[in-house]
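Here the structure comes first, spelled out in structure tokens, and everything after it is commentary.
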Amino acid sequence: MNHPFGTPTRMILAAVVILLFVVSATFAFLSLSTVEHLATGSAEKTILVECEFDKFRQIMVRKNATAAIVGQSGMRLIDESVEDLQLDTSQDDRPILNAIRGQSKAQVQAVKKLRVSLNDPHITADELTLRQRADIQPDAMSVVTQSIAAADNLESYKTTLDARPKGNQTEVTLLIALDVRVTVPKAFTGRADREVQQSAVDGVDEQADGLQRFVAEHAGQRFILPEFGSGSD
């Protein structure tokens, strides 16, 4: 007598095929269903700048370094304003003469508010507001620039610059870190992480190139005169 649904073996095979189909369909659905994902990226780079630190410090303080470097990072400086500026010359017995000679021992602490436009395919925001804190010592410089609040899908952005003397050169370490919130199929979250990471790598490379060019533009000048609206060392 024939079984109405075929032999038990065929029934088992059919059940397995159906189960595999259901599992595959479920996996495909879960993979393609969109999720909100925080993609992060960070990159660091250390470079040697062909410029003695004293002159490097003068260039960074007296010239508009912010606009030049920001312009190499997929951004454009729209506006900047000084929120705080403190100048300590207590360790310098001849502050004016040493400043003219480019040998200032003054300590400078400054806080700026920056507004920049963005040009990154992974970021939907058109503008971003940043706060920049600079701590400038006779033998070291630290500049930290960080977003004040999220802008569209850009949750946070931070860049740091640390510089110190290295013989007749200046050693500079640059760091960029950013968090971008994206809505993508679940299977593509890894790709989103890779793309944001690449944005960080590209950004730190562009900053390094921009800094090298900016310093080289002024390093040959005997006197580094301050630009209108910039601080003085």
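The values are calculated or read from the model by the stated rules, or taken from the named source; none is laboratory data. Treat the numbers as computed from the prediction; the structure is a model and nothing was measured. Please note: Cβ atoms are built from the backbone with ideal geometry, for glycine as well, and neighbour counts cover all protein chains shown. In case anyone asks, the SASA skips ligands and DNA or RNA and just uses the protein heavy atoms, side chains included. Shrake-Rupley method; radii C 1.70, N 1.55, O 1.52, S 1.80 Å.
First compute the accessible area of the stretch 37-219 with a 1.4 Å probe, then give the percent of it belonging to carbon and sulfur atoms.
C and S atoms contribute 45 percent here.
When the Debye formula is applied to the Cα atoms of the stretch 37-219, each taken as the same point scatterer, what base-10 log of I(q)/I(0) results at q = 0.15 Å⁻¹?
Once normalised to I(0) and log-transformed, intensities are -0.87.
Which chymotrypsin sites (Phe, Trp or Tyr not before Pro) in the stretch 165-226 pass both tests, a DSSP loop state and at most 10 other beta-carbon atoms within 10 Å?
Phe223
Please give the FRET efficiency for Ala67 paired with Lys166, using the beta carbon to beta carbon distance and R0 = 30 Å, rounded to the nearest 0.05.
For Ala67 and Lys166, the calculated efficiency is 0.70.
If the limit is 20 Å between Cα atoms, which of Lys45/Lys112; Lys45/Lys158; Lys63/Lys113; Lys63/Lys158; Lys113/Lys158; Lys112/Lys166 go over it?
Lys45/Lys112; Lys63/Lys158; Lys112/Lys166
If you count, for each residue, the other Cβ atoms within 10 Å and average over each peptide, how do 36-47, 175-186 line up from highest to lowest?
175-186, 36-47
Kindly report the accessible area of the stretch 37-219 per residue (heavy atoms of protein chains, probe 1.4 Å, no ligands, DNA or RNA), in Å².
Counting only protein heavy atoms, the per-residue value for the stretch 37-219 is 50 Å².
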